[in-house]
Amino acid sequence: MAPSGSRSIKKGCQRVLYWIPVLFIALIVAWSYYAYVLQLCIESIEGIAEKVIYLLVYHVIFIMFVWAYWQTIFTRPMNPLKEFHLSYSDKELLEREDRGESQQEILRRIAKDLPICTRTNSGAIRFCDRCQLLKPDRCHHCSVCDKCILKMDHHCPWVNNCVGFANYKFFMLFLAYSLLYCLFITATDLQYFIKFWLNGLPDTQAKFHILFLFFSASTFSVSLASLLTYHCWLVCKNRSTLEAVRSPVFRHGTDKNGFSLGFSKNFRQVFGDEVKYWPIPVFSGLGDGCSFPACLVNLDVEQAASPTGSTPVNKSAADGRQFPSKPLRESQSRLLTSTPSWTESDIATDKDRKGASNQAMTIEHEA
């Protein structure tokens, strides 16, 4: 067994290595700023109006790009609430049980107090041994971060962070603004790139910056466009990258569209209701990351006493625990409450209304 000192040194070296991709991106961006602002705009462009317009538009895009990238990197991923962690007594009870079925009975008992609909492929309660908690819907354990991440999409080495519920909007904006950044550089640098090949530029070091700036920006544009297109498709379908690879499993079985509520609501879950916040790298998504509205077919029998995606009326509610843990803005709760509440009581009420309506129509007809 390795001593604790060597383990801490190893972890420290790993943390340094994880920052290398981020440092690489930072150096590329710093060089592109120098090449575009100093070598292209200031040194090569002669027209004052063209120079000013290029610099103004460039800096707006650059600021938004860096802001979104910063938010994606340094926004800490959200972890499950304490209600999903096992209590000390539950841990002891679980450890005393050797059989898997007995352990599942304990986990099922605890899960009844929580808004959990998804299961493992075998139909068991999703439980994390390392974090000692019941996994909320769409939550997964990241082996790099060594913790459970709410609505985990993937661990991105280019941001050295997990992309999940807390920063998925920032990641989308980072892709969008980085693509816009590269396309703007490619479009405005094109005419000077052509002049380079026609020997229309003075023989200075700016020639080589203009050349490599065009090649690097156009190359990054292709990869960023494909990645952004893929994640836009995921947002429209309300899936994470992990769910696109392996569909979530409910009590009724696997359902790849289990959390899809339609394009509009899927988009608003990530970007929110207020349009003015959509292009800005500030959190505006809906929900709490622990529970999500689901389709009719995804109604869990154990959760049938409560509306899908809303706070279950159960022991946890009686104890004063609520989901989400923080009060939602009206715009946030509207998405969750606008989903039809497919409960037995609602169905019975609807049937009673239809029966009363039919009876009234019959009486009127007889009269």
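Listed by first and then second residue, the pairs with beta-carbon distance under 8 Å, at least 6 apart or on different chains, first residue in region 77-90 and free of Cβ contacts under 8 Å to residues at least 24 places away in the same chain, second open to solvent by less than 30 Å² (accessible area, probe 1.4 Å), are Asp90/Ile106; Asp90/Ile110. Contact map, region 22-45: first residue over 22 Å from Leu179 (Cβ atoms), second residue part of a helix (DSSP H, G or I) and open to solvent by 30 Å² or more (accessible area, probe 1.4 Å), Cβ cut-off under 7 Å, separation 6 or more or different chains; pairs are Gln39/His209; Ile45/Lys51; Ile45/Tyr54. Scanning region 151-163 for residues that are out of contact with any strand residue (DSSP E or B) (no Cβ under 7 Å at 6 or more places or on another chain) and surrounded by fewer than 24 Cβ atoms within 10 Å (Cβ to Cβ) yields a total of 4.
For region 100-129, which residues satisfy the criterion of being of a type in the set (Lys, Arg) and under 13 Å from His85 (Cα atoms)? Across region 100-129, the qualifying residue is only Arg126.
Go through region 164-196 and give me each residue that's in contact (Cβ under 8 Å) with a residue 24 or more places away in the chain and over 30 Å from Lys276 (Cα atoms). Residues satisfying the conditions are Asp189, Leu190, Tyr192. Could you pull out the residue among Ala187, Ala166 that is surrounded by fewer than 23 Cβ atoms within 10 Å (Cβ to Cβ), among the aliphatic types (A, V, I, L, M), touching a Pro at 6+ places or on another chain (Cβ under 8 Å) and modelled with pLDDT of 95 or more? Matching residue, one of Ala187, Ala166: Ala166. Looking across region 117-138 at every residue that is touching a residue at least 60 places away in the same chain (Cβ under 8 Å) and in contact with a strand residue (DSSP E or B) (Cβ under 7 Å, 6 or more places away or on another chain), the one that is most open to solvent (accessible area, probe 1.4 Å) is identified as Asn121.
Please specify each residue of region 234-252 satisfying the condition of being basic (Lys, Arg) and in contact with a Ser or Thr (Cβ under 6 Å, 6 or more places away or on another chain). If the condition is that a residue be basic (Lys, Arg) and in contact with a Ser or Thr (Cβ under 6 Å, 6 or more places away or on another chain), then Lys237 is the only one that fits.
Here region 61-78 is the region considered, the condition is being open to solvent by 60 Å² or more (accessible area, probe 1.4 Å) and not in a helix (DSSP H, G or I), and the residue that is farthest from Pro248 (Cα to Cα) is Arg76. When you check Ser87 against the structure, is it over 21 Å from Leu175 (Cα atoms), small (Gly, Ala, Ser) and under 31 Å from the mean Cα position of the chain (by Cα), yes or no? When the stated conditions are applied, Ser87 passes them.
Take the conditions part of a loop (DSSP other than H, G, I, E, B), open to solvent by less than 50 Å² (accessible area, probe 1.4 Å) and more than 24 Å from Val282 (Cα to Cα) and apply them to Ser44. Does it pass? For Ser44, the condition - part of a loop (DSSP other than H, G, I, E, B), open to solvent by less than 50 Å² (accessible area, probe 1.4 Å) and more than 24 Å from Val282 (Cα to Cα) - is met.
Condition check for Lys112 on (1) free of Cβ contacts under 8 Å to residues at least 40 places away in the same chain; (2) open to solvent by 70 Å² or more (accessible area, probe 1.4 Å): one failure, at (1). Tell me, please, whether a residue that is open to solvent by less than 10 Å² (accessible area, probe 1.4 Å), over 28 Å from Lys276 (Cβ atoms) and acidic (Asp, Glu) can be found in region 197-216. Looking through region 197-216, none of the residues is open to solvent by less than 10 Å² (accessible area, probe 1.4 Å), over 28 Å from Lys276 (Cβ atoms) and acidic (Asp, Glu). Determine, yes or no, whether Tyr58 is touching an Asp or Glu at 6+ places or on another chain (Cβ under 9 Å), surrounded by 13 or more Cβ atoms within 10 Å (Cβ to Cβ), in a helix (DSSP H, G or I) and not aliphatic (A, V, I, L, M). Criteria not met by Tyr58. Evaluated against (1) hydroxyl-bearing (Ser, Thr, Tyr); (2) within 30 Å of Glu83 (Cβ to Cβ); (3) open to solvent by 70 Å² or more (accessible area, probe 1.4 Å), Tyr230 falls short on exactly one condition, (2). Counting only helices (runs of 4 or more DSSP H) that sit wholly inside region 237-323, those with at least 1 residues that are at pLDDT 95 or above, open to solvent by 50 Å² or more (accessible area, probe 1.4 Å) and touching a strand residue (DSSP E or B) at 6+ places or on another chain (Cβ under 9 Å) are 241-245.
The values are calculated or read from the model by the stated rules, or taken from the named source; none is laboratory data. None of these values were measured; they are calculated from a predicted model. Heads up, the Cβs are rebuilt from the backbone with ideal geometry, glycines too, and the neighbour counts pull from every protein chain shown. Keep in mind that these areas ignore ligands, DNA and RNA; they rest on the heavy atoms of the full protein, side chains included. Shrake-Rupley method; radii C 1.70, N 1.55, O 1.52, S 1.80 Å.
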